[in-house]
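Take a look at the structure set out below.
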Amino acid sequence: MSTFMKPASIIQGEKRAEEIEKKKREEAQKAQQKAEVERAQKQVDTIAAKKPPVTPTPAATSSPAAKSTTTTTATTATTTTATTTPTATAKATTEKKSESWVNQVAKDAEEDANKSENTSEFTAVEDTVKKRKAKKDPIYTTKEEAVNAFKSLLSDKGVGEDDQWKPTLSRIISDQRYRALKTLSERKKVFKQFKEELGERMVTEKRSKDRSAREGFMELLAETKDLKPGMSYHALCPYIEKDERFKAVVAESDRAEYLHRYQQQEAKG
């Protein structure tokens, strides 16, 4: 499965968009803080305007230095209060939220640890998957048994007299009977022997089948009352072509030959 790789231009564009978005969030946060400071300053100014004017003491009134100091102190206190109040409030709120979140996480972790330690609730589950045991190779007490086992493998896999060793190997190598013979030379020798025996057996079977078909056809000719002396094969076919003994002889030339032999025997008899 192929993996899609984004072009470098797209990746750079995404990073640039993230930076711009981050910058916008920072500017919005600063603007919000500034607005809070200004609102707090107005509240302080409103409260200060509602308070009754402070009556200076004779010492403070008569002393220009004291008057100047008092005025400067009041101004500084007002500015400090205006600046500190919103910042301190925001800081206290953030610390309170952070402390609450930390406490909650610690509480959840403690509960999870307590559950983990309580192993009495756990129950053992039996593995239902049965392990597959490798089958052992059968033991052959004699060489003949081993050879016959290998030949039965070749027979079950449909090995023919024209098959070659290398293409056949992939069909038989996974079978346990392949290891009945221990060496490669033994397997090849028995493989060749099997094909020779198979060829001989096929020839014998074909001869037997042909003999049975010939004998059946001869019986059919003897039973055919419409067969006349000197009658040709094609003239006889309509009378016997539907009989199974006729069909058993596949080659038309063989059927014509058998008819000729039958007519010669009848003429001598």
- Mind listing whichever residues of segment 250-269 are more than 17 Å from K228 (Cβ to Cβ) and either of a type in the set (S, T, N, Q) or touching a strand residue (DSSP E or B) at 6+ places or on another chain (Cβ under 9 Å) (or both)? S253
- Single residue of K151, K195 found to be farther than 30 Å from D254 by Cα, of a type in the set (D, E, K, R) and out of contact with any Leu (no Cβ under 7 Å at 6 or more places or on another chain): K151
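Those residues that are within 60 Å of the chain's Cα centre (by Cα) and either among the polar types (S, T, N, Q) or more than 13 Å from E219 (Cα to Cα) (or both), I need them from segment 245-263; list them, please.
Looking only at segment 245-263, we keep the residues that are within 60 Å of the chain's Cα centre (by Cα), and these are 245-252.
Correct list: K247, V250, A251, E252.
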- Query: Is at least one residue of segment 181-195 surrounded by 12 or more Cβ atoms within 10 Å (Cβ to Cβ) and among the hydroxyl-bearing types (S, T, Y)?
  - Reply: no
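Scanning segment 175-184 for residues that are in a helix (DSSP H, G or I) and under 15 Å from Y140 (Cα atoms), which turns out farthest from the chain's Cα centre (by Cα)?
In the first step, residues of segment 175-184 are kept if they are in a helix (DSSP H, G or I); the result is 176-180, 184.
Those left that are additionally under 15 Å from Y140 (Cα atoms): 176-180.
Numbers: Q176: 30, R177: 33, Y178: 32, R179: 33, A180: 37 Å.
The residue in question is A180.
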- Task: Confirm whether L220 is surrounded by 11 or more Cβ atoms within 10 Å (Cβ to Cβ), without any contact (Cβ under 8 Å) to a residue 40 or more places away in the chain and in contact with a Gly (Cβ under 8 Å, 6 or more places away or on another chain).
- Result: no
- Message: I'm told Y239 meets every condition in (1) surrounded by 11 or more Cβ atoms within 10 Å (Cβ to Cβ); (2) touching a helix residue (DSSP H, G or I) at 6+ places or on another chain (Cβ under 7 Å); (3) over 20 Å from E161 (Cβ atoms) except one. Can you identify the failing condition by its number?
- Response: (2)
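So which residues in segment 140-174 are farther than 28 Å from V203 by Cβ and not in a helix (DSSP H, G or I), if there are any at all?
Within segment 140-174, the subset farther than 28 Å from V203 by Cβ is 140-142, 170, 173-174.
Of everything in segment 140-174, those that are farther than 28 Å from V203 by Cβ and not in a helix (DSSP H, G or I) turn out to be Y140, T141, T142, I173, S174.
Go through R201, R187 for me and flag whichever is at pLDDT 95 or above, farther than 30 Å from E36 by Cβ and assigned to a helix (DSSP H, G or I).
R187
The values are calculated or read from the model by the stated rules, or taken from the named source; none is laboratory data. Being a predicted model, the structure only gives us computed values, none of them experimental. Methodologically, a virtual Cβ is constructed for each residue, glycine included, from the backbone with ideal geometry; neighbour enumeration extends over all protein chains shown.
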